Amino acid sequence: MKPFRLNVDSPVGVWGVEGDDLGVTRICLPNERGRASVGTPPHCVSDAAKQLEQFFARRRRDFDVKLSPVTATKFQHEVWKALERIPYGQVRTYSQVASAVKRPRAMRAVGNANHANPWPVIVPCHRVVAKDGLGGYGGGEPVKRFLLELEGVSLF
């Protein structure tokens, strides 16, 4: 069955929240266009969409969203858990995240795990930066910069 999708407006474009009764399966970045579903959304999808709207309006810093189980490597899950521990308004380098998951030389693998993160913003991969700059982001540099500035990060 196709996941239910709600769209959420932001200053940098439309985000998609997809999921089913088991949880949110994916947060779609603004460059991933998609049509909203018709009908009554699963509670977890409408709740996640509401929380994203609050985040973009600066009325929410943390998320309490039911995430659907996803197939991923053990390393990816470890990285995503490490991302959830990065506080609002703070950043970590790829190297710091690699050390946090006890793989200090795995900076590129951390970047790849970030890119595979199905729940951007909720699992805040935008808070991971390069030691000498912004670093990459699936939604593009302007979206990453917007998210960091929204949280008050002015390093770049």
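When region 1-14 is filtered for residues that are buried (at least 19 other Cβ atoms within 10 Å of the Cβ), in a loop (DSSP other than H, G, I, E, B) and of a type in the set (Lys, Arg), nothing remains. Residues that are out of contact with any helix residue (DSSP H, G or I) (no Cβ under 6 Å at 6 or more places or on another chain) and β-branched (Val, Ile, Thr) within region 67-118 comprise VAL70, THR71, THR73, THR93, listed in sequence order. Would you check if there is a residue in region 85-100 being at pLDDT 95 or above and more than 26 Å from SER154 (Cα to Cα)? There is no residue in region 85-100 that is at pLDDT 95 or above and more than 26 Å from SER154 (Cα to Cα). Looking at VAL121, VAL128, VAL110, just one residue is among the aliphatic types (A, V, I, L, M), at pLDDT 95 or above and on the phi > 0 side of the Ramachandran plot, and that residue is VAL121.
For region 15-28, give me the residue count where each residue is open to solvent by 60 Å² or more (accessible area, probe 1.4 Å) and under 19 Å from LEU147 (Cα atoms).
The first filter runs over region 15-28 and keeps only residues open to solvent by 60 Å² or more (accessible area, probe 1.4 Å), leaving 21-22, 26.
Still in the list and also under 19 Å from LEU147 (Cα atoms): 26.
Count: 1.
The values are calculated or read from the model by the stated rules, or taken from the named source; none is laboratory data. Everything quoted here is computed from the prediction, not taken from an experiment. Backbone-built Cβ (ideal geometry, glycine too); neighbour counts: all protein chains shown. Heavy atoms of the whole protein, side chains included, go into the accessibility calculation; ligands, DNA and RNA do not. Shrake-Rupley method; radii C 1.70, N 1.55, O 1.52, S 1.80 Å.
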